[in-house]
């Protein structure tokens, strides 16, 4: 894994326990993070794949349940295209978020809800976005999500990746496995 992104994800995960449940996050959320969440939900609602992908850094890491990490924008795109093709509805809430004092890292934590045309697409869970500054906004460098539904197999119910992934899913020389996962 790229050392910088790996560090950012590690820092986000280490800092997460410090986010006290007693803190009133809703009233203190950084407006820029609220805007990222609104842009995400607007892009999903309008099925605007280009706007959705514009929220992600070019080398963003996608960590889906029961899958190996993937750093490939084509896989991220394929995931959302698959969700749109299923007629599924996806939404995010932003429950917690913080920006590092030096402004080099932001973390968004919330819930997602996926509801589609079949019971197989009903899912909910939690997500964590690690973000870095991009102009006047933020871009997602790590998208981590975890389903509330316990997996009964090692295979996701998402799309099989038909996109050829260089190095068979390798991330900086680390071998990967399956590339497809839906949220």
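The values are calculated or read from the model by the stated rules, or taken from the named source; none is laboratory data. Quick caveat: nothing in here was measured; it's all calculated off a predicted structure. Heads up, the Cβs are rebuilt from the backbone with ideal geometry, glycines too, and the neighbour counts pull from every protein chain shown.
In the set (1) under 16 Å from the mean Cα position of the chain (by Cα); (2) in a helix (DSSP H, G or I); (3) under 17 Å from residue 129 (Cα atoms); (4) at pLDDT below 95, the condition left unmet by residue 58 is number (2).
Rundown of residues vs (1) free of Cβ contacts under 8 Å to residues at least 12 places away in the same chain; (2) closer than 18 Å to residue 40 by Cα; (3) surrounded by fewer than 19 Cβ atoms within 10 Å (Cβ to Cβ), yes/no style:
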| residue | (1), (2), (3) |
| --- | --- |
| 75 | no, yes, no |
| 81 | no, yes, yes |
| 91 | no, yes, yes |
| 101 | yes, no, yes |
| 113 | no, yes, yes |
| 130 | no, yes, no |
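Take the conditions (1) buried (at least 17 other Cβ atoms within 10 Å of the Cβ); (2) under 16 Å from residue 129 (Cβ atoms); (3) in contact with a strand residue (DSSP E or B) (Cβ under 8 Å, 6 or more places away or on another chain); residue 52 misses just one of them, which is (3). Would you check if there is a residue in the stretch 166-179 being at pLDDT 90 or above, outside any loop (DSSP other than H, G, I, E, B) and touching a strand residue (DSSP E or B) at 6+ places or on another chain (Cβ under 8 Å)? No: zero hits. Residues satisfying the criterion are present in the stretch 20-27 (criterion: part of a helix (DSSP H, G or I), modelled with pLDDT under 50 and in contact with a strand residue (DSSP E or B) (Cβ under 8 Å, 6 or more places away or on another chain)).
Note on the stretch 28-46: among residues that are surrounded by 15 or more Cβ atoms within 10 Å (Cβ to Cβ) and assigned to a loop (DSSP other than H, G, I, E, B), the one that is modelled with the highest pLDDT is 30.
Of the strands (runs of 3 or more DSSP E) lying entirely inside the stretch 94-150, the ones with 2 or more residues being at pLDDT 95 or above and over 19 Å from residue 69 (Cα atoms) are found at 106-115.
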